[in-house]
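**Student:** Before we start, here is the structure in question, set down as structure tokens.
The values are calculated or read from the model by the stated rules, or taken from the named source; none is laboratory data. Small disclaimer: the values here were computed from a predicted structure and weren't measured. We place every Cβ from the backbone using ideal geometry, glycine too, and count neighbours over all the protein chains shown.
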Amino acid sequence: MAPFLFSSTGIMTTLFISDLHLSPNTTEINHCFTQFMRNEAIHADALYVLGDLFDFWIGDDDRSEFAQQIRAEFKQLTNHGVPCFFVKGNRDFLVGQRFAKQTGVTLLGDETVIDLYGRKAVILHGDTLCTEDTQYLAFRAKVNQPWLQWVFNRLPMTLKRKIVGKIQQGARDTKKSKSLTIMDVTQSEVEDVMIAHGVDLMIHGHTHRPNTHHFTSSNNQSMTRIVLGDWYDQGSILCCDTENLTLETRPLHSNEC
Ligand code: LP5
Ligand code: MN
């Protein structure tokens, strides 16, 4: 049996992933994701996708082979009885109810409190924690306007691709001038969100800085923030069971992934 089929303890686990940035061009990562879904997630208690699964999701009307394949992987998983939850990221904020219906995944809001084997945790993509990145947050507010998404979703696919390409280029240019500090989370925002939800555990992605941060909040509470890793050079998974929360990686270039 491949070693990654179950957690190291052999106990059932809840799995978290984010920032895979899948596209038709990321062949190896797509393969790793497929193997993960079929061999590992299939045995989990639940799978949580915390945003940026896609490099960019243009809309639920995407009928490309790539989009069909990814939808099929989720459908297979949920048909098998594995509950699957999806938090939208800044690259897949256009995932909608049609995607949810076709795949069986449950779309979650920006911040959700979950029960993780008796421990409460707030889960989110993580972009909203970067409060110093005011330019991005202004952009986010604009593209999340329901009326604008309603209009965009009804445009022809070719026009949508053109618009997205232009805006992505513009965004890439502005990102070059941003410091790493601006693009990281703001500690006070992290604490405010955790206190507001009454939790001592936060799990998010987005910053691509995988780590487990233990800290004492300004109101003297012990807290933990786990940051998921991206899938650029390896598969990155947070595996949770009743005892442990472990950030793990999977090789891209092996039969295991
Ligand atoms: O994901 P990552 O780490 O690369 O960067 C993010 C932020 N960038 C984005 C950019 C989006 O992915 C681009 C998506 C295009 C969407 C098109 C939608 C079409 C309309 C839909 C209407 C419903 O999310 C980046 C953050 C970074 O995370 C770290 O937190 O800094 O933010 C940006 O770079 C955004 C810029 O700060 C602001 C964007 C200005 C865009 C200017 C476009 C001008 C061109 C107009 C041409 C018509
Ligand atoms: Mn992101």
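**Student:** Would you point out which residue out of Asp92, Asp62, Asp52 is under 21 Å from Met157 (Cα atoms) and touching a Phe, Trp or Tyr at 6+ places or on another chain (Cβ under 6 Å)? I'd like the intermediate steps shown before the answer.
**Tutor:** Values: Asp62 fails: touching a Phe, Trp or Tyr at 6+ places or on another chain (Cβ under 6 Å); Asp52 fails: touching a Phe, Trp or Tyr at 6+ places or on another chain (Cβ under 6 Å).
On inspection, the qualifying residue turns out to be Asp92.
**Student:** Here's something else I'd like to know. Would segment 78-89 turn up any residue that is under 23 Å from Thr26 (Cα atoms) and of a type in the set (Gly, Ala, Ser)?
**Tutor:** Yes, that holds for at least one residue.
**Student:** Mind checking which pairs have a first residue in segment 100-119 that is under 12 Å from Val199 (Cα atoms) and a second that is of a type in the set (Asp, Glu), Cβ under 9 Å, 6 or more apart or different chains?
**Tutor:** Arg119/Asp200
**Student:** Among the residues of segment 25-37, is there at least one that is farther than 27 Å from Arg161 by Cβ and either at pLDDT 95 or above or within 15 Å of ligand 2 (Cβ to nearest atom) (or both)? Before the answer, list the steps.
**Tutor:** Taking segment 25-37 and keeping what is farther than 27 Å from Arg161 by Cβ, we get 35-36.
With either at pLDDT 95 or above or within 15 Å of ligand 2 (Cβ to nearest atom) (or both) added as a condition, the list becomes 35-36.
Checked segment 25-37: at least one residue is farther than 27 Å from Arg161 by Cβ and either at pLDDT 95 or above or within 15 Å of ligand 2 (Cβ to nearest atom) (or both).
**Student:** Among the residues of segment 20-34, how many are assigned to a helix (DSSP H, G or I) and out of contact with any Leu (no Cβ under 9 Å at 6 or more places or on another chain)?
**Tutor:** Taking segment 20-34 as the starting set, the residues that turn out to be assigned to a helix (DSSP H, G or I) are 27-34.
Filter again for out of contact with any Leu (no Cβ under 9 Å at 6 or more places or on another chain), leaving 27, 34.
So the count comes out to 2.
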